[in-house]
1. Can you go through B:Ala65, B:Ala26 and tell me which one is more than 8 Å from every other protein chain (Cβ to nearest Cβ) and more than 16 Å from the chain's Cα centre (by Cα)?
2. Here are some residues: B:Ala41, B:Ala74, B:Ala33. Which one is of a type in the set (A, V, I, L, M), at pLDDT below 90 and within 18 Å of A:Ala93 (Cα to Cα)?
3. Can you name the residue in the stretch A:52-66 that is more than 7 Å from chain B (Cβ to nearest Cβ) and buried (at least 20 other Cβ atoms within 10 Å of the Cβ) and is also farthest from B:Leu120 (Cα to Cα) among such residues?
4. Kindly indicate which of B:Thr93, B:Thr107, B:Thr131, B:Thr118 is outside any loop (DSSP other than H, G, I, E, B) and surrounded by fewer than 16 Cβ atoms within 10 Å (Cβ to Cβ).
5. Any residue at all in the stretch A:72-81 that is at pLDDT below 85 and crowded, with 16+ Cβ neighbours inside 10 Å?
6. Return the residue satisfying two criteria in turn: it lies in the stretch A:67-101 and is polar (S, T, N, Q) and more than 7 Å from chain B (Cβ to nearest Cβ), and of such residues it is nearest to the chain's Cα centre (by Cα).
Amino acid sequence: MGDSTQQLDRAFAALADPTRRDLVARLSVSDATVGELAEPYDVSFQAISKHVKVLEEAGLVTRSKDAQRRPVHLNREAFDLMTQWIERYRREAEERYRRLDALLARTAQDDEDRRPDKEQAS
Amino acid sequence: MSKHETEIKADAKVPTIEITREFDAAPERVFQAHVDPDLYAQWTGPRESNTKITRWDARTGGEWAFGGESGGEAYAFFGSFHEVRPNERIVWTFTYEGEPDGVFLETMTFEPLDGGRTRLRVLSVTQDFETRDGMLASGMDVGVNEGFEKLDELLAQEAA
C-alpha cells in the first residue's frame, strides 16, 4: 500500500519539473536518444541523462536494453492514464453542473410563481 | 436539456485547471446559486454526498467552509472570499483539509451570452504541478481508485 503510494508520488513528482515535461512532450513525437534529447538545452548531457532516469524510475519512459543507441521511448499507457484522470475530473464537474442546471430550471419555475414580489431570505 | 458539456484544460506549462461551462440561465441566477448557501449545498460536492455548509459569508473578505461524506469517507474544504462582485465575478481561495498546504486561487467569471444564457469560467491556480495533479487525481472518488490500480499495475510491470 505505502509502496504503491510512493510510486504514484514519484510519477507526479517526475512530471512536476518543467524540463522533464518538455522532454516528455518531445518524446510524444518520436523516440530519441539521450544525446538527441540533450541537444537543444544549455545544460550538460549528464543533467538530461539524470532527468531521463527520473522519468524511467517513475514508469513514464522506457529504454531498450540491447540496442546500441538505447533510444528513450514514451510509455503511452502511463499518459493515457493521466488523460483518463483529467477526463474523470471533467465528468465530476459536469455532473455537478448538471445538478446546477436542474436547480436553475426548478428555481426558474419558482420565480415565475412568486412574481412580482419574490423575497429571498438568506 | 441543453447540450453544452463542461470543458477542462490542465495547462502543461503552468499549474492551472480551467473549466468552462454554459448555462441556460442569466448570470444573476448562476451567480446566486454560487453565493446562496442553501442553493450551493444542493449542487456542489461529489455526487451522493450530503454537503453541509459550516461557515459561509459570501462577501469580499468573508470566509467559507463545507464538508460531507462520500463513499464512507468524510471530507472538508475551506477558504476565503477574496472578491465577490455581484453577478460578474467571485475570487476565492480553496483548500482541501486533507492537504492543508495546498491552496488554490479560483477565479469564477459569469459572462452573459445571448438569449439570457451564461458562460461560467473557473480558473484555478496553485503553487506547483504536484498540487495541481493531486487535485485532478483526487476529484474522482470511485474512478480514481480504478485509475490508481491501473497505475500500480503499470508501475509494478516497469519495476519487474
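1. Working: B:Ala65 fails: more than 16 Å from the chain's Cα centre (by Cα).
Just one listed residue meets the conditions, B:Ala26.
2. On the way: B:Ala74 fails: within 18 Å of A:Ala93 (Cα to Cα); B:Ala33 fails: at pLDDT below 90.
None of the others qualify; the one that does is B:Ala41.
3. So in the stretch A:52-66, the residues more than 7 Å from chain B (Cβ to nearest Cβ) come out as A:52-58, A:60-66.
After this cut, where a residue has to be buried (at least 20 other Cβ atoms within 10 Å of the Cβ) as well, the list is A:52, A:55, A:58, A:60-61.
On the way: A:Val52: 40, A:Leu55: 37, A:Ala58: 36, A:Leu60: 35, A:Val61: 38 Å.
Ranking the candidates gives A:Val52 first.
4. On the way: B:Thr107 fails: surrounded by fewer than 16 Cβ atoms within 10 Å (Cβ to Cβ); B:Thr131 fails: surrounded by fewer than 16 Cβ atoms within 10 Å (Cβ to Cβ); B:Thr118 fails: surrounded by fewer than 16 Cβ atoms within 10 Å (Cβ to Cβ).
One residue alone meets the criteria, B:Thr93.
5. Of the residues in the stretch A:72-81, the ones at pLDDT below 85 are A:76-81.
In the following step, the residues that additionally are crowded, with 16+ Cβ neighbours inside 10 Å were identified as A:78, A:81.
Yes: one or more hits.
6. A:Thr83
The values are calculated or read from the model by the stated rules, or taken from the named source; none is laboratory data. Owing to the predicted nature of the structure, the values given are computational and were not obtained by experimental measurement. Here Cβ is always computed from backbone atoms with ideal geometry, including for glycine, and neighbour counts include all displayed protein chains.
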